[in-house]
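The values are calculated or read from the model by the stated rules, or taken from the named source; none is laboratory data. Please read these numbers as outputs of a predicted model, since none were measured by experiment. We place every Cβ from the backbone using ideal geometry, glycine too, and count neighbours over all the protein chains shown. Areas reflect the complete protein model, heavy atoms only, side chains present, ligands, DNA and RNA absent. Shrake-Rupley method; radii C 1.70, N 1.55, O 1.52, S 1.80 Å.
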Amino acid sequence: MSTPERLSVLLDEHASLERELADPSVHADQSRARRLGRRYAQLAPLVETARALEEARGDLSTARELAGEDASFAAEATALEQRVEELGGRLREQLLPRDPDDDKDVILE
C-alpha cells in the first residue's frame, strides 16, 4: 500500500472512530469504548500533522501566486516551503508501521 493510500485509510479510520465514539450506545460497553478511544488517540497526532501539511501546502500555493506582486510573499513562500518539508517528514515518520508491542507494559528487573 502506498503512502497516500495508507494515509487515506488512516484518516478514514479516524473519522469512523470519531463517529463511533459520539454514539452513546458505544459507552455502554466500557472495554469497546476504551479500545476505540485508545486507537482514536493513536491516530490523532497523524491526523493533526496531515491537516497542518494540507493547510501549509495551500498557504504555499497562495504565497507563490502573490510573490510576483509583493516581495514579502516570496519570503513567506520560502518559509512555507521549509514548513511543508518539515511536516512531510513528520508525516512520513508517523506513517511508519508501529511495533505491536509498543503499547504493552514492560517489567524491568
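Scan the range 61-77 and tell me whether some residue there is open to solvent by less than 30 Å² (accessible area, probe 1.4 Å), farther than 18 Å from Leu11 by Cα and at pLDDT 95 or above.
no
Hey, any hits in the range 23-36 for a residue that's in a helix (DSSP H, G or I), of a type in the set (Lys, Arg) and under 13 Å from the mean Cα position of the chain (by Cα)?
No, the range 23-36 contains no residue that is in a helix (DSSP H, G or I), of a type in the set (Lys, Arg) and under 13 Å from the mean Cα position of the chain (by Cα).
Looking at Asp12, Asp59, which is the one that is touching a Leu at 6+ places or on another chain (Cβ under 6 Å), assigned to a helix (DSSP H, G or I) and of a type outside the set (Gly, Ala, Ser)?
Unique residue meeting the criteria: Asp59.
Criterion first (open to solvent by less than 70 Å² (accessible area, probe 1.4 Å), closer than 17 Å to His14 by Cα and modelled with pLDDT of 90 or more) does Val84 satisfy it?
Considered against the rule, which asks whether it is open to solvent by less than 70 Å² (accessible area, probe 1.4 Å), closer than 17 Å to His14 by Cα and modelled with pLDDT of 90 or more, Val84 comes out as no.
Which members of the range 1-26 meet the condition of being farther than 24 Å from Gly88 by Cα and among the hydrophobic types (A, V, I, L, M, F, W, C)?
Passing the criteria: Leu17, Leu21, Ala22, Val26.
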